[in-house]
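Okay, so here's the structure we're looking at.
The values are calculated or read from the model by the stated rules, or taken from the named source; none is laboratory data. Please read these numbers as outputs of a predicted model, since none were measured by experiment. Accessible surface areas use protein heavy atoms only, side chains included; no ligands, DNA or RNA. Shrake-Rupley method; radii C 1.70, N 1.55, O 1.52, S 1.80 Å.
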Amino acid sequence: QVQLVESGGGLVQAGGSLRLSCAVSGRTFSNYAMGWFRQAPGKEREFVAFIRWNGDWTYYTDSVKGRFTISRDNAKNTVYLQMNRLKPGDTAVYYCAADRHGGSSRPIDYDYWGQGTQLTVSS
């Protein structure tokens, strides 16, 4: 019943910027942590970033630190991923997810998932 819908993906040149959005509908809980993950062709799904629902803690994988920023707007039930200085290695399907247990970098710990949005970064 809880649904997460990602949007904002597309094709950008290396060095460019893009912002992804994740809108949550259905039964929602303000204390859910929210995470972003990505999966490149032929690769396993990997952690990108997560944020506690009140926004007082964030965590990023090393490869995106300093380039990506996760944020949220509780009034809109929406989580964002601002991506700057994009690289071809960022090309992947990006997924948002909700975790009832306070936040994690492990996909298996998340309870709800969106269907993903494609990001392609050209050189």
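Couple of notes before you dig in:
- Aspartates and glutamates with Cα under 16 Å of LYS87, excluding same-chain neighbours fewer than 8 positions away: ASP62
- Here's the thing: no lysines lie within a cross-link span of LYS76, going by alpha-carbon distance under 16 Å and ignoring same-chain residues fewer than 8 apart.
- The candidates TYR112, TYR94, TYR80, arranged from most to least accessible area with a 1.4 Å probe in the full protein assembly, appear as TYR112, TYR80, TYR94.
- Sequence of ASP73, ASP90, ASP56 when ordered by accessible area, the most exposed leading, probe 1.4 angstrom: ASP56, ASP73, ASP90
- In this structure LEU11 has an accessible area near 130 Å², from a 1.4 Å probe over the protein heavy atoms.
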